[in-house]
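Comments concern the structure below.
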Amino acid sequence: MFSLATLIPYLGACILFSIIPGPSVSVVIANSLAGGTRAGLLTILGAQLAMLVLVFIVAVGLEAVMSFVADAFVVIKLAGAAYLVWLGWKMVRSSGQLDFTPGERMPMRRYLLQGSLVSFSNPKTLLFLGAFLPQFVDRGQPTFPQIMVLGLIVMAVASASDSVYAVAAGQARHLLTSARVRMLNRVSGVILMCGGVWLALQRRT
């Protein structure tokens, strides 16, 4: 379906897209530090499920779907921005305590929901899937299977990259003192809040 001349540059773009830290990476790291590697991996799963939905939207017809739900995407963007600010504020206010008892550990669905919300509202993801990915589609062939394959490729690369962050942070949590974690949480929290403000100010083109 795709030639090497198409796949190689696309794969390189996927790697660059994935390794550049963004809101999703920040949430993965934060959850891994707080709840361990499992929490980070569940966050990644939520983000990838949301990305799969976005890939499907692009595949079935981006222009038609986007024009139909334009107002909904504005609401999603603002909700995502508010959520990032709220997460950032919680991290800034964190005590740095990492040891959770079984009863205090967040349920699986919370990590999945966090990953999904951040992925849905991440402008980097929307830009990549909506504007960059279609440039590699051969208009002379059926577009739906091409977009789905290209989408699954970027999802696989992003999952691998984010998993490295999750495993590293999950292991590092046992080596960090509460003071260091508290400082890391504050830095990450400020980044998340700035990202939320930036996202809220973005306008659709």
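Every number here is computed from the coordinates shown, using simple stated rules; none is lab data. All values reported here derive from a predicted model rather than from experimental measurement. Neighbour counts are summed over all protein chains in view; Cβ atoms, including those assigned to glycine, are modelled from backbone coordinates with ideal geometry.
Rounded to 0.05, the FRET efficiency of the MET148 and ILE19 pair, given R0 = 22 Å and the Cβ-Cβ distance, is 0.40. Between ARG38 and LEU7, the distance separating the two model label sites (each 7 Å from Cα on the Cα→Cβ line) works out to 3.7 nm. Simple spin-label estimate for LYS124 and VAL187 gives 1.7 nm between the two label positions (7 Å along the Cα-to-Cβ direction from each Cα).
When you count the other C-beta atoms within 10 angstrom of each residue and take the mean per peptide, 111-124, 38-51 line up highest first as 38-51, 111-124. Once you put a point 7 Å from the Cα of GLN135 and another 7 Å from the Cα of MET108, both along the Cβ direction, what distance in nm separates them? According to this spin-label approximation, the distance is 3.9 nm.
Between VAL197 and ALA156, the FRET efficiency from the beta-carbon distance, with R0 = 35 Å, is close to 0.65.
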